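Participant: I'd like to ask some things about the structure below.
The values are calculated or read from the model by the stated rules, or taken from the named source; none is laboratory data. The structure displayed is predicted, hence computed values, not measured ones. Cβ placement follows ideal geometry from the backbone for every residue including glycine, while neighbour counts extend to all protein chains displayed. Only protein heavy atoms, including side chains, enter the accessible area calculation; ligands, DNA and RNA are left aside. Shrake-Rupley method; radii C 1.70, N 1.55, O 1.52, S 1.80 Å.
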Amino acid sequence: MKLEEFQAKKLFREHGIPAPDGVMVTSAADGKTAALALGCPVVVKAQVKTGGRGKAGGVKLARTPDEAFSAADSILGMDIKGFRVERLLIDPAVPIAAEYYVGITIDRKRKIPVMMVSASGGMDIEKVAAETPEKIHFQPVHPERGLRFFEAKKLAFRLFSDSREVMAAASIMVKLWKCFNDLDATLAEINPLARLEDGSITALDAKIVLDDNALYRHPGMEELRLPTPSEKKELGAKSHGLSYVQLEGEIGCMVNGAGLAMATMDVIKHLGGTPANFLDIGGSSNPEKVVHAMELLVSDSNVKAIFINVFGGITRCDDVANGLVQALSGIDLEVPMVVRLTGTNEEEGIRILAGHGITALKDMTRGAAEAIRLAREGSVGR
Ligand code: GDP
Ligand code: MN
C-alpha cells in the first residue's frame, strides 16, 4: 500500500524526522485558507501516488494566499501519469541550499534491507541511478541490529562535510530505518532531503510503501488507504469474490481460475491482441458472480470485445451459462462477445446459451482469435 506524501510526512514526524508540517486540502479555497494560516510563501503539492510531480507541474511555489489559490486551482484535477489530483498538500516553503536523496528498501537479491544515499538528490534520481550509479552509495542493514549510528555516519559523510550536518543527517537516517522497520514498510524514501540556507536538514518529500501482507500487524494503517478509481474497482470486485486487475488493452476477459486467466491473456497477446484486464471468477462460480463480473467488463470503456473463457472443472458450465444469460438480460451489451465453454456440464451450458442466441466455441485459441477480430471490426457480432 502506497501512502501519499502528507500521510508519509506525518509518520516521519512521529518518528522524529524533521519535515514541514502542512495542511492537506481538497479545494482551492481551502488551499488559500491554509496559506493564510501557515504564512506565505507556501508550496502547493499534488498528492498522487507517483513520483515526478514536480516535472509534471504538480508542485508550485506560491508567494501570496491568492497565488496559492490559483496554484491549487490549476493543480486540482490535473492528470499526472494517469492519476487524477484530488488532494493537495500545502506546506510552508523553505529556502533550499542543496538537495540529497536518502531511501531504504529491501534488496531482494541479497535478501536484506539496504539504505541508499546520493548527493545528487532532487527530481532526477532515476536518471542518476541509470547513468551514474557510482553516485549512489549503499549500506546493507542488519535486520535485527538495525542501522547503527556509525553506519549512518559513514553514509552521511558521503553527502556532507560539516560535522553538525553529518550528525543531523545520520540521525535522520537512523530514524528513517526505525520508521521503515516499525511500519513493516517495503520502501521509505526522502527525495529531496534538503539542506536549508540556515544549515538545518529537513525532509521535503516523503514516500512510504507498506507491505500489504504485514498490514494485519498495524490495525490503524488500513484507514490510510486512499484508493484510486481503478483500485476502488479492484477492491469492489474482491468483495464479490472476484480477482480483478484493470489493464489497458481492449479485450475484456472473464475466466475461471487464475492459471487459465493468465494463459488467456498470453494467448490474446500471442495473437496480437491486448487484454483489458485480468479477471478470475473463481473455482466454484455462481450466477451472481458472473453478473458482477459482466458489470465490471462493460464498465470499462476501453473494452472493444469480451472473451469469456471457461473450463468447467469444479465450476459447472451450466452455472456460468445461467449467470451469463441473467447478466445479459440486465445489461445493454454494446460490444461483441465470444464464449468458450468446455468441461463439466458443457452440453447443458451450450444448450442454455444457444437458447438465448449465443454460440459457444470449444477451442480457446479460436475464441481468442475471434474476440480480437471482432474488436478490430468494432461490429456487434453475438
Ligand atoms: P516530486 O517531483 O514528485 O518528487 O516532488 P517533490 O516533493 O520532491 O518536489 C519537487 C521539487 O520541488 C523539489 O525537488 C524541490 O526542488 C521543490 N520544492 C519542494 N518543496 C519546496 C520548498 O519548500 N521550497 C522550495 N524552494 N522548493 C521546494
Ligand atoms: Mn521528490
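Participant: Identify, from the list Glu14, Glu99, the residue that is more than 25 Å from the chain's Cα centre (by Cα), open to solvent by 60 Å² or more (accessible area, probe 1.4 Å) and at pLDDT 95 or above.
Facilitator: Glu99
Participant: Of the residues that make up the stretch 13-25, is at least one assigned to a helix (DSSP H, G or I) and more than 27 Å from Lys127 (Cα to Cα)?
Facilitator: Yes, there is a match, as at least one residue in the stretch 13-25 is assigned to a helix (DSSP H, G or I) and more than 27 Å from Lys127 (Cα to Cα).
Participant: Report those helices (runs of 4 or more DSSP H) wholly inside the stretch 199-317 carrying at least 3 residues which are of a type in the set (A, V, I, L, M, F, W, C) and in contact (Cβ under 8 Å) with a residue 40 or more places away in the chain.
Facilitator: The qualifying helices (runs of 4 or more DSSP H) are 258-270, 287-298.
Participant: Which numbered condition trips up Lys49, out of (1) among the charged types (D, E, K, R); (2) under 23 Å from the mean Cα position of the chain (by Cα); (3) under 22 Å from Arg195 (Cβ atoms)?
Facilitator: (3)
Participant: I've got another one for you. What residue, of Ala354, Ala369, Ala327, is among the aliphatic types (A, V, I, L, M) and over 29 Å from Ser301 (Cβ atoms)?
Facilitator: Ala354
Participant: Out of the residues in the stretch 61-85 that are open to solvent by 70 Å² or more (accessible area, probe 1.4 Å) and within 16 Å of ligand 1 (Cβ to nearest atom), which is nearest to Leu36 (Cα to Cα)?
Facilitator: The residue in question is Arg63.
Participant: Could you please let me know if Leu279 is in contact with a His (Cβ under 8 Å, 6 or more places away or on another chain) and closer than 25 Å to Met1 by Cα?
Facilitator: no
Participant: When you go through Glu126, Glu165 one by one, which is the residue that is more than 16 Å from ligand 1 (Cβ to nearest atom) and either open to solvent by 20 Å² or more (accessible area, probe 1.4 Å) or in the same structural domain as Ser200 (by TED's automatic domain parsing) (or both)?
Facilitator: Sole residue among the options that is more than 16 Å from ligand 1 (Cβ to nearest atom) and either open to solvent by 20 Å² or more (accessible area, probe 1.4 Å) or in the same structural domain as Ser200 (by TED's automatic domain parsing) (or both): Glu165.
Participant: Here is a check on your reading of the model: is Ala37 away from ligand 1 (no atom under 12 Å from the Cβ), of a type in the set (A, V, I, L, M) and free of Cβ contacts under 8 Å to residues at least 24 places away in the same chain?
Facilitator: Yes: the conditions hold for Ala37.
Participant: Next question. Given Ser171, Ser239, which one is surrounded by fewer than 20 Cβ atoms within 10 Å (Cβ to Cβ), away from ligand 1 (no atom under 16 Å from the Cβ), of a type in the set (S, T, N, Q) and modelled with pLDDT under 95?
Facilitator: Ser239
Participant: Additional query: Could you tell me how many of the residues in the stretch 176-198 are among the hydrophobic types (A, V, I, L, M, F, W, C) and either open to solvent by 30 Å² or more (accessible area, probe 1.4 Å) or in a helix (DSSP H, G or I) (or both)?
Facilitator: Residues that pass the stated criteria total 5.
Participant: If you scan the stretch 88-118, which residues turn out to be assigned to a loop (DSSP other than H, G, I, E, B) and within 14 Å of ligand 1 (Cβ to nearest atom)?
Facilitator: Ala93, Val94, Pro95
Participant: Check Asp198 against each of (1) among the acidic types (Asp, Glu); (2) within 16 Å of ligand 1 (Cβ to nearest atom); (3) outside the structural domain of Ile104 (by TED's automatic domain parsing) and name the one condition it does not meet.
Facilitator: It fails just one condition, (3).
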